[in-house]
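Reviewing the structure listed below.
The values are calculated or read from the model by the stated rules, or taken from the named source; none is laboratory data. Just so we're clear, the structure is a prediction, and the values are computed from it rather than from any experiment. Neighbour counts are summed over all protein chains in view; Cβ atoms, including those assigned to glycine, are modelled from backbone coordinates with ideal geometry.
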Amino acid sequence: MTKLNELAPREGSTKGRMRVGRGPGSGKGKTAGRGVKGQKARSGVAIAGFEGGQMPLHMRMPKRGFNSLNRKDFAEVNLWRLEQAVAAGKLDAKKAIDPEALIASGVLRRAKDGVKLLGKGELKAKLNITVYAATPSARAAVEKAGGSVTETKPAPKAEA
């Protein structure tokens with residue numbers, strides 16, 4: 001049995017690191033593979049996006065849009081995915097369906113800031129669903145199948 005102090009990688013499985021700038025016999029002497037002179041031959045160069053004094057492209061383009069720091073990230077679920085889970089027996093159509101039930105059945109991985117129901121696909125099962133928000137087409141499809149959608153989204157604030 002080998003001891004810990006006798007462990008070594010297999011012969012030929014590892015290569016020594018390239019030592020640059022150690023004479024002409026090494027094959028990587030003198031300029032060490034960096035070409036000749038100039039800023040890029042020196043150490044500590046970081047010139048990504050620099051265009052030789054010309055205004056860089058990312059600065060020539062106009063600023064567009066705004067990304068809110070407080071925006072919500074929703075887990076989206078389509079009708080076809082719910083129908084697929086009901087048909088496979090992973091979701092019980094008789095019980096109320098909420099984000100916890102969707103996670104337990106494997107339809108969603110996590111609820112994020114809330115679940116949004118989207119209207120893609122067809123729904124045959126009668127489902128009672130509680131979600132943060134639902135699109136009008138999704139709501140219509142669920143109600144057409146005989147089910148109901150409850151939204152937990154807070155009502156918009158009335159402006160004074």
So, first residue within 14 Å of Ala75 (Cβ to Cβ) in region 128-145, second residue among the hydroxyl-bearing types (Ser, Thr, Tyr), Cβ within less than 6 Å, six or more apart or across chains; the pairs are Thr130/Thr150; Tyr132/Thr152
Near pairs, Cβ below 7 angstrom, 6+ apart or cross-chain, from region 75-98 (within 17 Å of Ala133 (Cβ to Cβ)) to any residue that is surrounded by 14 or more Cβ atoms within 10 Å (Cβ to Cβ) and among the small types (Gly, Ala, Ser):
Ala75/Ala111; Asn78/Gly121; Leu79/Gly119; Leu79/Gly121; Leu79/Ala138; Leu79/Ala141
Only unsatisfied item for Ala41, checking (1) small (Gly, Ala, Ser); (2) more than 36 Å from the chain's Cα centre (by Cα); (3) modelled with pLDDT of 90 or more, is (3)
Being crowded, with 18+ Cβ neighbours inside 10 Å, within 26 Å of Pro154 (Cα to Cα), touching a strand residue (DSSP E or B) at 6+ places or on another chain (Cβ under 6 Å) and among the basic types (Lys, Arg) narrows it down to one of Lys120, Lys116, so name that one.
Lys116
When you go through Ala46, Ala32 one by one, which is the residue that is part of a loop (DSSP other than H, G, I, E, B) and either at positive phi or more than 35 Å from the chain's Cα centre (by Cα) (or both)?
Ala32
Positions within region 77-98 being surrounded by 14 or more Cβ atoms within 10 Å (Cβ to Cβ), not aromatic (Phe, Trp, Tyr) and not in a loop (DSSP other than H, G, I, E, B), in sequence order:
Val77, Asn78, Leu79, Arg81, Leu82, Glu83, Gln84, Ala85, Val86, Ile97
Residues of region 99-117 being β-branched (Val, Ile, Thr) and either in a helix (DSSP H, G or I) or free of Cβ contacts under 8 Å to residues at least 24 places away in the same chain (or both), in sequence order, are Ile103
Per-region count, region 30-58, residues farther than 23 Å from Val20 by Cα and surrounded by 10 or more Cβ atoms within 10 Å (Cβ to Cβ)
3
Check on Arg71, closer than 30 Å to Lys116 by Cα and at pLDDT 90 or above
yes
From Asp98, Asp92, grab the single residue that is at pLDDT below 95, acidic (Asp, Glu) and under 28 Å from Leu69 (Cα atoms).
Asp98
